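The values are calculated or read from the model by the stated rules, or taken from the named source; none is laboratory data. Predicted model only: the values in this text are computed from it and were never measured. Ideal geometry is used to build each Cβ from the backbone, glycine not excepted, and the neighbour counts take in all protein chains shown.
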């Protein structure tokens, strides 16, 4: 009626026209229909009554004791989680406090998820990439972050004198006739595959595409010890970046350059040569007998980082396919996988007894009966060599330390085996 009155008041010039009369009638009928509709809806809601929410159902959680005992008896526990039941219980004690939640608050959601289930489902997902029923992304990432924050699982690069000496002693034991006795770590790069990143997150999307592998990824720089355990791992640069440039964009380069004089890290030909970073010879130099023999014995140590990448990707299935999470979450995932890799390798050494043998050798001074390895290289007469006095300048592609290491291999009369020699064109 209000709309009809407005129209009539605006167009009424003293005599009502047929058009105004018709519009007024139709608007009155429309308003009446709307009013009746509101009344009918109100009556229907009143007659239907108030509906109550369905009571929450308590979902029975998995009986962990019976479940774990069943898999341990069948021998499938280690196949699923990449570790034995004893190792799983030790790992659970390390992250137990971070996985405990408020039982009173969890009672409103059907009960809490115990830490055993959280860790089991997370390891199962990292090992095979498959989600299990009853686990959420919140619980998954909470467990991953707790693994990364565990101090007992920290990834430590050798910095102190004792740590460097132990690292050098370990690689010396892996070298044939101790041909290389001044290597503290070996380094290499690894392409961590990802889905096409959004431009809003990375800016330059094309910089993450690797032309060599024909996929998107992130350049990961890593260093390992003589047991193929990671001493450093981190996202360094986009996938298109070469290793020689990627290592300078992370802290690994400064850690290597801070090693004591005469101690080095061995890498492949993708790295620049310095007095602490010693890559194998390449190009024309590798055809020389001196350089070729050094490459063979240096590769005995460098292969440890290749073994670490292979073991990590074979045991933990997530890196075998492109990562679908954003880069900030992928960093946590990589750190968790590397820490779990180190933990599994350490547990294997403890089970086989090799860890006790190494500890005994370290306590007794090793096979050569010394408490530490010299941090300064020596000549054939045992006199220390001052690298700063022999070589004060520097130019690209030259390392006085690498040359001394190659000469040591020649003094020991070590050569590349005939079956492994390079074929001459």
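Would you kindly identify the helices (runs of 4 or more DSSP H) lying entirely within region 251-353 that contain at least 2 residues that are touching a strand residue (DSSP E or B) at 6+ places or on another chain (Cβ under 6 Å) and over 25 Å from residue 178 (Cβ atoms)?
Details: elements: 252-257, 289-315, 327-352.
Those helices (runs of 4 or more DSSP H) span 327-352.
For region 117-124, state whether one or more residues are buried (at least 21 other Cβ atoms within 10 Å of the Cβ) and modelled with pLDDT of 95 or more. Don't jump to the end; show me each part of the working.
Quick first cut of region 117-124, residues buried (at least 21 other Cβ atoms within 10 Å of the Cβ) only: 118-123.
From what's left, modelled with pLDDT of 95 or more: none.
No, every residue in region 117-124 fails to be buried (at least 21 other Cβ atoms within 10 Å of the Cβ) and modelled with pLDDT of 95 or more.
Checking residue 177 against (1) surrounded by 14 or more Cβ atoms within 10 Å (Cβ to Cβ); (2) at pLDDT below 95, only one condition comes out false. Which one?
(1)
Which condition breaks for residue 196 when tested against (1) modelled with pLDDT under 95; (2) within 30 Å of residue 408 (Cβ to Cβ)?
(2)
Quick one: count up the residues across region 198-233 that are buried (at least 19 other Cβ atoms within 10 Å of the Cβ) and either in contact with a strand residue (DSSP E or B) (Cβ under 8 Å, 6 or more places away or on another chain) or closer than 19 Å to residue 333 by Cβ (or both).
Residues of region 198-233 that are buried (at least 19 other Cβ atoms within 10 Å of the Cβ), as a first pass: 208, 216-226, 228-233.
Applying the additional criterion that residues be either in contact with a strand residue (DSSP E or B) (Cβ under 8 Å, 6 or more places away or on another chain) or closer than 19 Å to residue 333 by Cβ (or both) yields 208, 216-225, 229-233.
The qualifying residues number 16.
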